[in-house]
Amino acid sequence: MRGSRRGSGQHKPGAHRALGALVAALLGACASAPPPAPVQPRTTLAEFSARRLDSVPGLPAPALGWDRSQWLAAALALNPQLAEERAEVAAIAAAERTAAERPNPTMELFGEYIKTAAESPAWLYGVSLDFLLRRPGERDRARHQAALQTALAKSQLSESIWEVRATLRLALLDVVAAQDEAAQLKSLAADRASLLATERTRLQLGDMARAEVLTDELELGRAQQRAQQARVRSAEARARLAAAVGVPVAALEGVSVRWDDWAAIDQLSVATAGPWREEALIGRPQIIGALREYDLAEVNLQSEVGKRWPQVRVTPAYAWGGNGVQQNALDQIANEAGLGVSFELPIFNQHQGAIGEAVGRRTAAGEHLKAVQAQIFAQIDRAELAWPASYEAWVQARALAQIAEQQDRGRHRALESGASDRSEVLAAQIASTEAHLAVLEAAYAAQLAFGALEDAYRRPLQGAEAGWPADAPRA
């Protein structure tokens, strides 16, 4: 609307007030900003190093011993990765407010120096506003897309929570299994040392060959080495436990890890696996995430299709004259207003390329959903086949251990009656200890298989955590 017209020198106080209000509003919007929040690595390091388990509200003293549900509650409260993902969810959810906002107009201030035919110079001042009229349904699609992004982030957080739970369970299992194994190996090493001492006495008396004593020395060394390996595994498991909870290893000093019935495999049950399987195949966080990705692809397709409609920009403008020299009344200009409208002309393309890309992404998202579901199906199949086999192996190991116990008791009775010697009793004790170690090994393998079944169903199946999906925060 900017024309080469001559100004009259008449000023409109209302226009000046309106312009002043617009400038004040602009300055006010620029002035409001969140306060700075600097992050110092030394400070965050000191905060993490000072973390302790007793800082979690609502839990008993750690020294009393926590069950697995209490360890999980501590991990949900302290794990740094979960805190990061929760912050990411909040950041993504903030986009829902952005999507609901209407676009601000753009203001342009301009001034033009004009000159009339009578050689009378003047200034023309003006202001214009650019309003964007969004396409039909575009704002609703933007809000829907932002909500889907939030739902996708929450499903990823739910998956991360379960991964922390699985890591925590394995670390707890490794700690208690290493503790029980170390106790058995300590007894085994003591029995091996006693047997070696007895055999050396018999060697001195000429009642045994040197080769047999060397064999006992080798077995004692192996037992001591196994005990050392168990201590290493225990220390490494405690480090993984601290990492899963979100505290330094020093925070676990003096804290006992309690899982008394971990080796009682006969107490584990999967009686209602049918409904859990179906729920996992349609409701696991990966499935929900893949569904949200498909929904996002569908919304993006709708947005590309919507671009075939013109997006209109309306530009009203207002101008007034400066200190020009009036030639005659016909040339007098006090003020003038104009209205501009702009939109895209679909001459060279009708957005068919972008629409085709969006269709392809939607098809890929659908195939991704099917692939994720197939992977979960295979994971559940493997877990359901491995669990009965692991359980049967534990049953067999326990039966052999009972036989070894009977032999051990028989040797002790024979020793009391004088029908056996000390070496035979120690050998029976060693055999019984080895059998119990085999039971612990089979129980550990069965617990791994049971944990894999829980991972496949994404559901705790045993212990105090069984009510976790309903009680603990998942997303």
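The values are calculated or read from the model by the stated rules, or taken from the named source; none is laboratory data. From a predicted model like this one, the values you see are computed outputs, not experimental measurements. Here the Cβ positions follow ideal geometry from the backbone for every residue, glycine too, while neighbour counts run over all protein chains shown.
Answer with yes or no whether residue 254 is modelled with pLDDT under 85, in contact with a helix residue (DSSP H, G or I) (Cβ under 8 Å, 6 or more places away or on another chain) and at positive phi. Walk me through it before giving the result.
Values: modelled with pLDDT under 85: yes; in contact with a helix residue (DSSP H, G or I) (Cβ under 8 Å, 6 or more places away or on another chain): yes; at positive phi: yes.
So residue 254 passes the test.
Restricting to the range 212-230, name every residue that is surrounded by 16 or more Cβ atoms within 10 Å (Cβ to Cβ) and within 35 Å of the chain's Cα centre (by Cα).
230, the sole residue that qualifies.
Which one is nearest to residue 124 (Cα to Cα), of the residues in the range 323-374 that are assigned to a strand (DSSP E or B) and at pLDDT 80 or above?
337
Any residue in the range 425-436 that is surrounded by fewer than 18 Cβ atoms within 10 Å (Cβ to Cβ), under 45 Å from the mean Cα position of the chain (by Cα), of a type in the set (A, V, I, L, M, F, W, C) and in a helix (DSSP H, G or I)?
Checking the range 425-436: not a single residue is surrounded by fewer than 18 Cβ atoms within 10 Å (Cβ to Cβ), under 45 Å from the mean Cα position of the chain (by Cα), of a type in the set (A, V, I, L, M, F, W, C) and in a helix (DSSP H, G or I).
Does residue 246 fit the bill of being surrounded by 19 or more Cβ atoms within 10 Å (Cβ to Cβ) and at positive phi?
So residue 246 passes the test.
Please specify each residue of the range 375-420 satisfying the condition of being surrounded by 14 or more Cβ atoms within 10 Å (Cβ to Cβ), under 26 Å from residue 213 (Cα atoms) and among the charged types (D, E, K, R).
405, 408, 411
State which residue is modelled with the highest pLDDT when the search covers only the range 457-467 and only residues that are out of contact with any Lys or Arg (no Cβ under 8 Å at 6 or more places or on another chain) and assigned to a helix (DSSP H, G or I).
466
Can you pull out the residues in the range 369-394 that are over 24 Å from the mean Cα position of the chain (by Cα) and free of Cβ contacts under 8 Å to residues at least 40 places away in the same chain?
Residues of the range 369-394 that are over 24 Å from the mean Cα position of the chain (by Cα), as a first pass: 381-382, 384-394.
Across the range 369-394, the qualifying residues are 381, 385, 388, 392.
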